[in-house]
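Just below is one structure, and these are the notes that go with it.
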Amino acid sequence: PKLELLNEQAKWFLFVAAETGARPSELTGLLPGDINLQHEIPHISIKDRKERELKTPHSEREIPLVGYALEAFRTLPEGFTRYRDKTDSLTGLLNKFLREHSLLPSEKHSLYSFRHSFQDRLLAANAPDRVQAELMGHKFQRPKYGDGATLNQKKEWITRCGIYFST
């Protein structure tokens, strides 16, 4: 019920952040063409652009959408338009909200902790290192052979790990 106090885009953003592990700037930077709801496996495509560069070259990736993250983008197929290129505004609002409503485990936690929690849950489920790296947008520490995990494989790990909030 507390989340109902947030505006619609901020509320949905929390679910997407928790279920995708994407950086806040990656999510606020999504354009309508990056949200692939008609694909066999709905997903978001995080892409490097001249006007919006990613943190690292490894950050470019596709993340399957499940649970509330999928519902969020069905509700907001244009993405987080209110906060596009206004990541600091959104994270400030959400960090304040989460603290004021005691929705963080400790004073040391913040909205960015959702990303760390996603990584921890992948690790706890024994997801292969390469799948973890591809979902997180991290460099894979061994030589990269082949195409990597498919969208279906990534979706299976997210689902198998119980990372998502079921709808």
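The values are calculated or read from the model by the stated rules, or taken from the named source; none is laboratory data. All values reported here derive from a predicted model rather than from experimental measurement. Here the Cβ is made from the backbone with ideal geometry for all residues, glycine too, and neighbour counts use every protein chain on show. With ligands, DNA and RNA removed, areas are computed over all heavy atoms of the protein, side chains included. Shrake-Rupley method; radii C 1.70, N 1.55, O 1.52, S 1.80 Å.
Some points to look at:
- Screening Gln132 against (1) of a type outside the set (Asp, Glu); (2) within 16 Å of the chain's Cα centre (by Cα); (3) closer than 20 Å to Leu5 by Cα leaves a single unmet condition, (3).
- In region 111-122, of all residues being open to solvent by less than 30 Å² (accessible area, probe 1.4 Å) and not basic (Lys, Arg), the one that is nearest to Leu27 (Cα to Cα) corresponds to Leu111.
- Residue selected from region 72-104 under the condition more than 13 Å from Ala10 (Cβ to Cβ) and out of contact with any helix residue (DSSP H, G or I) (no Cβ under 8 Å at 6 or more places or on another chain), by the criterion modelled with the highest pLDDT: Arg74
- Cβ pairs under 6 Å, 6+ apart, first in region 79-92 and within 11 Å of Gly29 (Cβ to Cβ), second open to solvent by 50 Å² or more (accessible area, probe 1.4 Å) and modelled with pLDDT under 95: Thr87/Ser25
- Boolean, Lys154 is modelled with pLDDT of 90 or more, of a type in the set (D, E, K, R), open to solvent by less than 20 Å² (accessible area, probe 1.4 Å) and assigned to a helix (DSSP H, G or I): yes
- Residues in region 138-151 that are farther than 14 Å from Pro64 by Cβ and either surrounded by 13 or more Cβ atoms within 10 Å (Cβ to Cβ) or at pLDDT 85 or above (or both): His138, Phe140, Lys144.
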